[in-house]
Amino acid sequence: MEEVTTGFAEEDDLDLIRRVAAEDRQAFEALYRRYAPRLHGYLWKLLRRREVVEEVLDDVMVVIWKGSTNFRCAGGRRQPL
């Protein structure tokens, strides 16, 4: 898979989520490019219908965009994807 070219290539998921939470569209794009292909493949194995896979993928990414400020893991640290 080709690495992201938006300046976030080496940035970890936690930093990207922090930037997405601050409504940084470039960070969201980098996160999308990093995870959409893998998530698409996973959804394809489950659903086997292109239009459904694409709709679910879009829904997941909207949830990430809108809910990024709520990602938490144990100890109050943000939850990486």
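Nothing in this text is a laboratory measurement; each read-out follows from the coordinates by a stated rule. Note that the structure is predicted; figures quoted are calculated from it, not measured. All Cβ positions, glycine included, derive from the backbone under ideal geometry; neighbour counts span all protein chains shown.
Remark: the range 45-50, residue by residue, has Karplus-estimated 3J(HN,Hα) of 4, 7, 9, 6, 9, 3 Hz, where x stands for each Gly or Pro and the curve is 6.51 cos²θ - 1.76 cosθ + 1.60 at θ = phi - 60°. With a simple spin-label model that places each label point 7 Å from the Cα along the Cα-to-Cβ direction, the separation between Val60 and Leu46 comes to 0.7 nm. Peptides 48-59, 21-32 ranked from most to least packed by the mean count of surrounding Cβ atoms within 10 Å: 21-32, 48-59.
Put simply, the amide H of Glu11, placed in the peptide plane, has no neighbours under 5 Å, leaving out anything fewer than 5 places away on its chain. Dipole of the range 13-76 computed with +1 at Lys/Arg Cβ and -1 at Asp/Glu Cβ about the Cα centre; of Met61, Leu43, Phe71, farthest Cα towards the positive end is Leu43.
Suppose every Lys and Arg Cβ carries +1 and every Asp and Glu Cβ carries -1, with no other charges. What dipole size does the range 21-70 come out with about its Cα centre, to the nearest 20 debye?
Using only the charged Cβ atoms, the result is roughly 320 debye.
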